[in-house]
Amino acid sequence: MTLVRFSTSHAADDGRLARAAQDGDKTAFGALYERYARMIHGLLLSRVPRADVDDLVQDVFLTAWNRLAALREPAAFGGWLATIARNRAIDFHRQSRETTVELPDDLAAHDATPERADAYKLLAIVNALPEAYRETLVLRLVEGMTGPEIAARTGLTAASVRVNLHRGMKMLREKLGR
């Protein structure tokens, strides 16, 4: 397991990659994708049905690629990308209200295992928590990101992430009856 340190050099590296991507460097954008795909997956997983998450992750990165010229502060790429993901989740819900499709109850039966069933139940409980806690908990518990990594990638302060994780875990324990 490799430990990753996040510091101002991380933001500088993001800035360098984002500026290169703005100049059309697809490899630099690919490096940003590798760095941020888990975070975007977690943000979306905390906001939309899991069946739609993978497609929306791709949609977020496509939107980011198309809007790179609008990024004024390349070192703030992570926060900018997180905002795109949050807005895409809002758009998803706005559109899904307009076109609701009923899915069969046994749609997920093909991948139903006791472990997955428990994971889906836990995810449902987490998704019932307030948004700030839900987001940081999914990034920590599902995506395996550390507190400093969440802060560095989302643009939140380390203190906010610590508070959100602490309060979110407390609420989660209460909901689980522990």
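The values are calculated or read from the model by the stated rules, or taken from the named source; none is laboratory data. Note that the coordinates shown come from a computational prediction; the quantities given were computed from them, not determined experimentally. Positions of Cβ are generated from backbone atoms using ideal geometry, with glycine treated the same way; all protein chains shown enter the neighbour counts. Accessible surface is based on the protein model in full, side chains and every heavy atom, while ligands, DNA and RNA are left aside. Shrake-Rupley method; radii C 1.70, N 1.55, O 1.52, S 1.80 Å.
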In the stretch 135-146, residue farthest from Pro49 (Cα to Cα) [restricted to those that are modelled with pLDDT under 90 and either charged (D, E, K, R) or in contact with a strand residue (DSSP E or B) (Cβ under 7 Å, 6 or more places away or on another chain) (or both)]
Glu143
Kindly indicate which of Ala51, Ala31, Ala64 is part of a helix (DSSP H, G or I), closer than 26 Å to Thr136 by Cα, at pLDDT below 95 and more than 13 Å from the chain's Cα centre (by Cα).
Ala51
With (1) open to solvent by 50 Å² or more (accessible area, probe 1.4 Å); (2) within 22 Å of Gly78 (Cβ to Cβ); (3) touching a Leu at 6+ places or on another chain (Cβ under 7 Å); (4) not β-branched (Val, Ile, Thr) as the list, and Met171 as the residue in question, which single condition is left unmet?
(2)
Please work out which one of (1) of a type in the set (A, V, I, L, M); (2) at pLDDT 70 or above; (3) open to solvent by 70 Å² or more (accessible area, probe 1.4 Å); (4) over 19 Å from His41 (Cα atoms) is the condition Ile90 fails and give its number.
(4)
Filter the stretch 146-168 for residues that are in contact (Cβ under 8 Å) with a residue 60 or more places away in the chain, buried (at least 20 other Cβ atoms within 10 Å of the Cβ) and either touching an Asp or Glu at 6+ places or on another chain (Cβ under 7 Å) or small (Gly, Ala, Ser) (or both) and give the result.
Ala151, Ala152
Run Ser96 past the list (1) modelled with pLDDT of 90 or more; (2) more than 17 Å from Ala152 (Cα to Cα); (3) in a helix (DSSP H, G or I) and report the number of the one that doesn't hold.
(1)
Selected residue [at pLDDT below 95 and either surrounded by 12 or more Cβ atoms within 10 Å (Cβ to Cβ) or hydrophobic (A, V, I, L, M, F, W, C) (or both)] from Asp14, Asp59:
Asp14
Members of the stretch 123-145 found to be free of Cβ contacts under 8 Å to residues at least 60 places away in the same chain, farther than 18 Å from Ala89 by Cα, surrounded by fewer than 20 Cβ atoms within 10 Å (Cβ to Cβ) and within 14 Å of the chain's Cα centre (by Cα), listed by number:
Leu141
Ala37 fails exactly one of the following numbered conditions: (1) farther than 19 Å from Thr146 by Cβ; (2) open to solvent by 10 Å² or more (accessible area, probe 1.4 Å); (3) modelled with pLDDT of 95 or more. What is the number of that condition?
(1)
